[in-house]
Amino acid sequence: MSAPPVQIGSVLIVDDSHVQRLHAMAVCRELGIEKLHEASNGREALALLTALVPRPELVIVDLEMPTMDGPEFLVKLQELGFDIPVIVASSRERALIDTVREMGGVLGLHVLAAVQKPLQPDVLRHAIESSGRRELRRSAQRAELAIDATALADALDRNEIYVHYQPKADIRTGIVRGIEALARWTHPTLGPIPPDQFIPVAERNQLIHRLTIDVMNQAMLQNSAWRARGLHLPVAINLSPTLLERADLALEIASLQQCHGLPPDQIVIEITESSLVTRVGTALSVLAQLRLRGFGLSIDDYGTGFSSMQQLARIPFTELKIDRSFVRGAPERDSLQVILRSAIEMANRLGLVTVAEGVETLQEWRMLQEFGCTLGQGWLIARPMPGDDLIGWMKQYRVQAAQLRA
């Protein structure tokens, strides 16, 4: 039984090789794409994109071309405001192809894949079918909503800030071993407000302490409710870097933990790596006090800060969370695999739990099993969910967990 056609109607193929253009068009037709356009270099492609109505839904572009090469073409796409998904296909070395993909992402382009030629049908199908999910995430990241300190303060007054929970599963067995608490806000008129928009507002306007304590209180209350039903899972809670300046923070968190009757080892405090660059003395004091009281400490978004090794050497972390940028697409990128494997091996030697963020595919999961990672977190396991949904989800998850076992 043949696979169904992909949900895309038209493609522009940009390649100076007539043979490669014919091959790419044959692959597109194999996937059910019949409306095809072709150009021999970037300049011709831009002229076509300007003239065609409607525009193609996808561009497949080579790197080495006369007149205007692939990297220059991508820059022009961004400058001219063409918001069209792109697949980079080249016969050049993998490292160069990956660099161009990274460049496209930095420019804000929607680069679905970066592959070596000749283009393969399964690779093209996977890139197209995954584009819908990634476009939803990309659109959410780009949305700019009109929120200010007054709106956020009002939301806190009305208890509009709530918490969703995302499971973390054992890479070897698929069994859920922990939960991360994530702040959410649904505005009554604007709808969902992404955390990367309202948290900076809180930090700039002296609302972050109130917001964080509110989230911690909700998360600890939910953890107590799970424990009452026989579910014992550590909950990880993010701590804003600005709060590390508060000398009494450890005592405040410990008082909250004791109020809810939770063992301190059931609470993991996640600290963004780059947050430890300034006011080091106060930060070290707060973190040392938390660890002395039995809380877990996680270095979040590892690999994105400026002094990773130094932070690991001087702070008593119990967990290392590897940023999703080193996980996503790593099975196809040798350089990411080297970095990922090295980080996991280092953490294992230091006796730290390793958590890989942003796991979306079974291929990424199997790679993390091979590398010896401890836990995985991402859409492959589950999206964040309300606390009341977790126990029901875990019953349904058993079948999937069996499929994830090594």
Please verify whether Pro4 is part of a loop (DSSP other than H, G, I, E, B) and either at pLDDT 90 or above or touching an Asp or Glu at 6+ places or on another chain (Cβ under 6 Å) (or both), treating the condition exactly as stated. no
Inside the range 347-364, the number of residues satisfying the requirement of being hydroxyl-bearing (Ser, Thr, Tyr) and at pLDDT 95 or above is 1
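Show me the strands (runs of 3 or more DSSP E) found entirely inside the range 12-103 where at least 3 residues are farther than 30 Å from Phe326 by Cβ.
Ranges flagged: 35-39.
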Looking at the range 367-389 only, could you name the residues that are surrounded by 14 or more Cβ atoms within 10 Å (Cβ to Cβ) and either farther than 23 Å from Thr354 by Cα or not assigned by TED's automatic domain parsing to the domain that holds Arg349 (or both)? Gly387
Go through the range 368-406 and give me each residue that's of a type outside the set (Phe, Trp, Tyr), assigned to a helix (DSSP H, G or I) and more than 25 Å from Thr318 (Cβ to Cβ). Asp388, Asp389, Ile391, Gly392, Lys395, Gln396, Arg398, Val399, Gln400, Ala402, Gln403
Considering every residue within the range 216-230, establish whether at least one is modelled with pLDDT of 95 or more and either of a type in the set (Val, Ile, Thr) or touching a Cys at 6+ places or on another chain (Cβ under 6 Å) (or both). no
Cross-chain or 6+ apart pairs with Cβ under 7 Å, the range 102-120 first and within 15 Å of His23 (Cα to Cα), then among the small types (Gly, Ala, Ser) and part of a helix (DSSP H, G or I): Leu119/Ala24
When restricted to Ile179, Ile213, Ile237, the only residue in a helix (DSSP H, G or I) and under 25 Å from Gln289 (Cβ atoms) is Ile213
Selection within the range 12-31 - small (Gly, Ala, Ser) and either closer than 15 Å to Leu63 by Cα or under 31 Å from the mean Cα position of the chain (by Cα) (or both): Ser17, Ala24
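The values are calculated or read from the model by the stated rules, or taken from the named source; none is laboratory data. Since this is a predicted model, take the numbers as computed values, not measurements. Cβ: placed from backbone, ideal geometry, glycine included. Neighbour counts: every protein chain shown.
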